[in-house]
Structure formats: C-alpha cells, structure tokens
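Have a look at the structure below, then the notes.
The values are calculated or read from the model by the stated rules, or taken from the named source; none is laboratory data. Since this is a predicted model, take the numbers as computed values, not measurements. Neighbour counts run over all protein chains shown; Cβ positions are idealised from the backbone, glycine included.
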Amino acid sequence: MKIDVLVIGGGSAGMSAGIKAYESGASVLIVERENKLGGILKQCIHNGFGLKYFKKEMTGPEYAHALEEKVNKLDIKVLTGTMVTGLSKKADGSFAVSVISKNGAYIINAKAIVLAMGCRERPSAAISLCGERPVGVLTAGCAQKIINIDGQMIGKKVVIIGSGDVGLIMARRLHYEGAKVEGVYEISSTPSGLNRNIVQCLNDYNIPLHLSETAVEIIGKDRVEGVVVAKVNPDFTFNMKTKRLIKCDTVLLSVGLVPENDLVSDLIKLNNTTGGAVVDDYYTTNIEGIFSCGNVLHVHDIVDDVTIEAEQAGLFAGQFALGNLNKGVKFNTISGNGVRYLVPNFVHAGSGFVSLKFRVTKTFKNPKIVATCGNEIIGERSAKILLPAQMEQIMIDRSKLKGDVKVEVYEG
Ligand SMILES: Cc1cc2nc3c(=O)[nH]c(=O)nc-3n(C[C@H](O)[C@H](O)[C@H](O)COP(=O)(O)OP(=O)(O)OC[C@H]3O[C@@H](n4cnc5c(N)ncnc54)[C@H](O)[C@@H]3O)c2cc1C
C-alpha cells in the first residue's frame, strides 16, 4: 500500500492532523492500535472538554466522536486494531512503515509521517516505591479505564500518590462511586495538576491534598493494606521521623506522563526535558518528512491545544508530501529566565505568527513574558499568575526574525 501521509495514532492529535493533511490535498491513512479511534478521550467521561475549539462543553467521548465524524465524512483511510511496529527512511526519501494486525504483518509506504502516539503514565518503578507487589497498586489512567470503560470498581479506601490531573480527576470519580479517598500526597511543595482540578475534584469533596509529603512504602503482601507516607524536605530527601501509616486497600499513582516515543527513539532526536521530539515551527523532527504533534510531542493540559497544534502539523505534513512545503532561514529558540522548555526548538523567518509553547520553572505573580530577537522585542504579554503545572504560549511574528529567539519571564 502507498499513501502520501501516514498518521500513527488515532487520538485527537492523529484525527486532527489527518483531517488537515487530507484538506491540503494529500491522501491520508490513520493507523490506530486500539479497535476504536479516540485515544485517551474515550475513557474521560467527565465534562470540561472543547470550550476553546468547539466553543461548547463536552465530555471526552463526545469530543472524540465529533472528530471521528469529520474523519468519516472525508476519504481518509483508517486502520484500527493495527499497531505500527517500525519505521525507516528509504533511499528515495519516503518511509517504510511496518504494521501488525490480525491480518498479519506488512509494510506501508508513505511520503510523510505524523507521529501522534500520545503519552503513557509513569509506573511505580519510576518513583522507587519500597514494599511487596500486592494487588491494588494502579496508575490513575489505568484505574480510569477499568471504572469508566470496563465498569468495574477498583477498591474502597484509596490513597493517591502524586497530584497530576489524571489523579485529581480520579479522586472525584472514586468519590462518586462510593470509595473513601483518604488523600492525595504530592512530593513537591506545589501541585502538579491544574488549579481548576484541585478546586473541582478535591476541595469540592473535602479530599485533602498533602503537599511536600509522599509514599515511602507500600504495605501488604497479597492485597494492599496501607501505605507509609513521610514529609519531604526542600532538598527532596524524606524526613523519616514523620513516617505514618495510612490504611487503605488501593493506591493510585499519578506521578507524571511520558511521551510514547519508543517506536522512534532510535530514529529521531528527542528533547531531554519534554521527552518529545525536537521539532521546528512546522512540527518537523530532525528527519525531514517526519512530523510530531499532541502528547507525543509534549504533554498538554487541554485537548483543544492538542487539536490546534495537530491541525498545523497535519497541514504541513500534507504540504511536504505534495512538495509544497517551503521554509525560510532557520533560527534556534532559547529558554531564558524562568522558562523550563520551549516547543518548537527552531523557528523559520517568513510570514505569519508562530506560537511558542512553554512551562515556567516556578510560580510567577503578575509576570511579563518577553520574546526577544537580538535587542528587538518580537513578542510580549503579561499574566496574573504563571504556574509550573500550566502550559503557556507566546506568539511571535515570523517576519521580524533575524536571529535566535529568547523567551524570558520576569516577576511584575
Ligand atoms: C485523565 C485525563 C483527563 C483529562 N482531562 C481533560 C479535560 O478535562 N479537558 C481537556 O481539555 N483535556 C483533558 N485531558 C487531556 C486530553 O485528553 C489529551 O491531552 C489529548 O486527548 C491527547 O491526545 P493525543 O492524540 O495526543 O493522545 P492520545 O489520546 O493518547 O492518542 C494516542 C493514540 O495513539 C495510539 N498509538 C500509540 N502508539 C501506537 C502505535 N505504535 N501504533 C498505532 N497506534 C498507536 C494510542 O492507542 C492512542 O489511541 C485529559 C487527559 C487525561 C489522561
């Protein structure tokens, strides 16, 4: 089989990229390993999705359905139940994509690739938890799937380790299902989830959030019987004098998400901070013809930003496949004061605006965000507050690019 643009992953990023690549005139194939399109949205049955993009409040499945309807109206080919297992660049510049499905293993040839594989949760091994390996320790997203899709309950007394958004949403979900959520324990002194989720998922249900406190041991042999927690010092060592046992039968981990790049980690250059690909403002990786977007590029807070980013990546992938993608002179983007990372890593001179996405290193009150090129300010805005947990953006004008761009944040 031959195609112009092959999209790996059929979540919101993959579908949005596929739609725009098709609208640019390219033939498109979306390959999804699960039996249905939608990605993580399928299990997010709470509302709060779509306000920015669809201008209405939707649940995750409603959002996924709206994108899937668009895909179905166009002549976009879709292979579900099919996993991409390999990707290589051929001598003529096109790509050989190895896939496996119940029909067997075969190769598809494509002129351009969009990586849209989403992200996965960090497991207990990532936080070096001591203890046996009893039943009842799950990642928050896994628990969400078991409850919302399989219709099974996971436990009665739950402790949540980490304050990522998935864990916060699951605290409320478990409360609705009748479980007692003993508390959320966060190793840092600030929550890692969005403030709106702290308010709507914890405060509204009197679920305590313990900052600078974390699990040091899981108790239980066959089933979880409790978890030992301890206060965390500012240098992230544990204060073992403060150890206490919280009795519970279930522990949920919400300790971070990692872009799912194993498929391409030998092929493309990855950013050490985000775990996603190093890309330019056309979402091209270091390999021309391979594009990346959505959570596989960097973990996003809200799906609307994934959709908007993926539409651009899809459009550029379509243009590349048809030989219509022309770029100007390339410059670096530099993370300055207060900026933990920037996406993209390179920008090109030309026309129109580019959105630089970033997260801050600490909380800033009444800050100013400034993008400079040499001595010239090419983007500027202020904010009431910037939190490390929140993805931020600043627009820069491509026509003003004469050198590398630095983004900095200053307290007002
Ligand atoms: C619990 C939770 C709550 C959230 N709450 C909100 C909210 O309230 N509001 C909001 O706006 N956003 C929310 N989000 C964020 C938003 O849902 C995600 O950012 C967005 O849906 C991610 O889209 P994606 O396409 O990048 O990744 P995914 O949806 O993860 O899609 C990736 C797809 O790629 C497939 N795939 C991976 N590898 C392969 C392969 N090798 N071959 C074939 N297919 C592959 C996967 O099966 C998956 O379907 C939430 C996310 C979570 C997890």
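Which condition number does Gly178 fail, the rest of (1) at positive phi; (2) surrounded by 16 or more Cβ atoms within 10 Å (Cβ to Cβ); (3) over 26 Å from the mean Cα position of the chain (by Cα) being met?
So the condition that Gly178 fails would be (2).
If a residue counts only when it is under 25 Å from Ala112 (Cα atoms) and not acidic (Asp, Glu), which strands (runs of 3 or more DSSP E) contained entirely in region 1-87 have at least 1 such residues?
The qualifying strands (runs of 3 or more DSSP E) are 2-8, 28-31, 77-79.
Name the pairs whose Cβ atoms lie under 8 Å apart, with the first residue in region 108-135 and at positive phi, the second part of a loop (DSSP other than H, G, I, E, B) and surrounded by fewer than 21 Cβ atoms within 10 Å (Cβ to Cβ), and 6 or more positions between them or separate chains?
Filtered contacts from region 108-135: Gly118/Glu260; Gly131/Gly220.
What are the residue pairs meeting all of these: first residue in region 326-341, first residue surrounded by 14 or more Cβ atoms within 10 Å (Cβ to Cβ), second residue among the small types (Gly, Ala, Ser) and in a strand (DSSP E or B), Cβ atoms under 7 Å, and 6 or more apart or on different chains?
What qualifies is Tyr341/Ser335.
Can you confirm whether region 86-103 contains a residue that is within 8 Å of the ligand (Cβ to nearest atom) and within 30 Å of Met170 (Cβ to Cβ)?
no
Within region 80-109, can you find the residues that are aliphatic (A, V, I, L, M) and under 15 Å from Gly11 (Cβ atoms)?
Met83, Val84
Here are the criteria: (1) outside any strand (DSSP E or B); (2) at pLDDT 95 or above; (3) surrounded by fewer than 22 Cβ atoms within 10 Å (Cβ to Cβ). Tell me which single one Thr190 does not satisfy.
Thr190 satisfies every listed condition except (2).
Hey, could you check region 286-313 for residues that are near the ligand (Cβ under 10 Å from one of its atoms), within 20 Å of Gly60 (Cα to Cα) and of a type in the set (A, V, I, L, M) and say which is surrounded by the most Cβ atoms within 10 Å (Cβ to Cβ)?
Ala310
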